[in-house]
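The values are calculated or read from the model by the stated rules, or taken from the named source; none is laboratory data. Everything numeric here is computed off the predicted structure, so don't read it as measured data. As a convention, Cβ positions derive from the backbone with ideal geometry for all residues, glycine included, and neighbour counts pool all protein chains shown. Keep in mind that these areas ignore ligands, DNA and RNA; they rest on the heavy atoms of the full protein, side chains included. Shrake-Rupley method; radii C 1.70, N 1.55, O 1.52, S 1.80 Å.
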Amino acid sequence: PRQCALSEIEVPSLLHRWADLRVLFSEATKEGKDMSLTKMCQRLRIQFVGKAHSGISDARNIARVMLALMHDYGVVMRATGNVKELDKADP
């Protein structure tokens with residue numbers, strides 16, 4: 001949403017809600033929300049595959065973490081943020 005504002009384009013409705021993996025991970029494991037993707041993989045005993053901060057590697061590892069959370073902790077993927085909440089956070 002912020003990038004859309006900077007680019008002066010409308011936010012596609014698909015992006016009005018999202019799931020923040022860090023929030024879901026924190027709720028499931030009772031650990032802090034500031035954990036990196038690499039640390040989440042370590043905590044879940046998943047080998048990080050690929051190069052950190054590579055778009056495709058991060059996407060694959062995010063999917064692997066989410067699958068582990070669903071399988072091991074019963075997490076259901078759900079929206080954790082939305083555009084209205086983001087608007088409230090802006091000064």
Worksheet item: When the range 45-64 is examined, which residues are found to be part of a loop (DSSP other than H, G, I, E, B) and either of a type outside the set (A, V, I, L, M) or at pLDDT below 95 (or both)?
Response: ARG45, GLN47, PHE48, GLY50, LYS51, ALA52, HIS53, SER54
Worksheet item: Any residue in the range 52-74 that is within 20 Å of GLN3 (Cβ to Cβ) and basic (Lys, Arg)?
Response: no
Fill in: Top-ranked residue in the range 57-73 [being more than 12 Å from LEU24 (Cβ to Cβ) and either of a type in the set (Gly, Ala, Ser) or touching a residue at least 24 places away in the same chain (Cβ under 8 Å) (or both); ranked as least open to solvent (accessible area, probe 1.4 Å)]
ASN61
Worksheet item: of a type in the set (A, V, I, L, M) and either under 18 Å from THR80 (Cβ atoms) or open to solvent by 100 Å² or more (accessible area, probe 1.4 Å) (or both): does that describe LEU37?
Response: yes
Item to complete: Could you check, for the range 49-56, whether at least one of its residues is of a type in the set (A, V, I, L, M, F, W, C) and surrounded by 13 or more Cβ atoms within 10 Å (Cβ to Cβ)?
Response: no
Discussion item. Anything in the range 65-91 that is part of a helix (DSSP H, G or I), among the hydrophobic types (A, V, I, L, M, F, W, C) and at pLDDT 95 or above? List them, or say none.
Written reply: VAL65, MET66, LEU67, ALA68, LEU69, MET70
Item to complete: Quick one: count up the residues across the range 16-40 that are touching a residue at least 24 places away in the same chain (Cβ under 8 Å) and over 13 Å from the mean Cα position of the chain (by Cα).
Response: 3
